[in-house]
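The values are calculated or read from the model by the stated rules, or taken from the named source; none is laboratory data. The model shown is predicted, which means the values in this text are computed figures rather than measured ones. Here Cβ is always computed from backbone atoms with ideal geometry, including for glycine, and neighbour counts include all displayed protein chains. Keep in mind that these areas ignore ligands, DNA and RNA; they rest on the heavy atoms of the full protein, side chains included. Shrake-Rupley method; radii C 1.70, N 1.55, O 1.52, S 1.80 Å.
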Amino acid sequence: MTVLAESPARSGPDGAPGGGRRLVDLLLRARELSIFGALVVLVVATTIANPRFLSEQGVKDIFLNASILVLLAVGQTIVVVTRNIDLSVGSVVGLVAFLVGSFVSGSETNILVAVLLGVGIGLVCGLVNGLLVSFCRVPALVVTLGTLYVIQGLQYRIAQGEQISASEVPDGILSVGTGGILGIPYLPIITVVVMLLVGYYLRSYSSGREFYAIGSSPEAARLAGIPMRRRVLTAYLVSGGLAGLAGVLWLARFGTVVADAANGWELTVVSAVVVGGVAITGGVGTVYGAALGALLLTTIGSVLVVLKVNSFWQQAITGVLLLLAISVDRLLELRMARALKSRTRHSVDAPGTAAPAKSESAPGTAAPAKNGTTGTATKGKDS
């Protein structure tokens, strides 16, 4: 058997490995801070123009309106990170809200049963999307656009022009949309808990980081042995499940549900995710940035209402923000590539950092092992 010498892992300019990862974290943090800064400026400017904007009820309304969008953005983030997309989330919210509303109408069903039913319906929708995208290898845009129309058609068929009114929904479910703890509404609390759990999982577990590996380079992820199909399927299951939960919260928040509930929200969700720093090309972004993006878009809508501006401008501003976010993503990608290339060149050219050539060790001589210790090469028959 012949032992080969392997070159040590390259390190950053300060001698510590992982310089590239620190650079990525720094860029992501800069994006999130810039979104937060824009949000603060927007709120301050609007408060100066209309001091009632930051009243207690005004702040509650902003967070209540943003809660469902943030929840959908969290699920969409996992999908987009894997270099896919889910355009069916809006229709899933509407379908779940109507089906769950019909199920609990005129009964005393508690919120737990409603949540289990809604999440179950969302998981079924996510399962269909995930199987078609991951195992059948149909483009995600085609699959989710198709399921969007299928779910909408099914929803109109079930509704048949009827609607569910708040008077038919049990008080135990409506109280989730109107009540709170210590003055904090339940909906933002639920959304924040879900966001923190998903964010912690993506950052702290190896299986969570595999989603980013798939989005960064599918071919490299495949060669590394990452179960790509299972991860993509899981991403769609999470997105569908959270859309189902959002449908139940929609019912609790508004009470009245019509056939076209949440129609068009899928594009708003994608806009929130991209504005929040999640690269549409995959591999980059956090659920916290997506949540800030959703909060920013919701605040813009509230600002336009307060300033009595035509709602058309909300769509126009959302489109401008989307174009700016994609442009910034591209510029940051190029800048990061140049920075990583410069770091690599520096580590190769710097004295004492050149990696030893990969060569065969002569029989009976010591060769460096992976852990930095020396071993004796032995020669024998191949097994």
Ranking LYS60, LYS308, LYS341 from most to least accessible area with a 1.4 Å probe gives LYS308, LYS341, LYS60
Listed residue (VAL198, LEU187, ALA213) projecting farthest to the positive dipole end of segment 138-221, Cβ model: ALA213
With a 1.4 Å probe and all protein chains kept in place, how do ARG229, ARG222 rank by accessible area, largest first? ARG222, ARG229
Hypothetical label at ARG52: residues of segment 309-323 whose amide nitrogen lies under 18 Å (7 Å Cα-Cβ projection): 309-310
Spelling it out for GLY180: with amide H atoms placed in the peptide plane at 1.01 Å from N, the residues 5 or more places away or on another chain with amide H under 5 Å from its amide H are TYR186
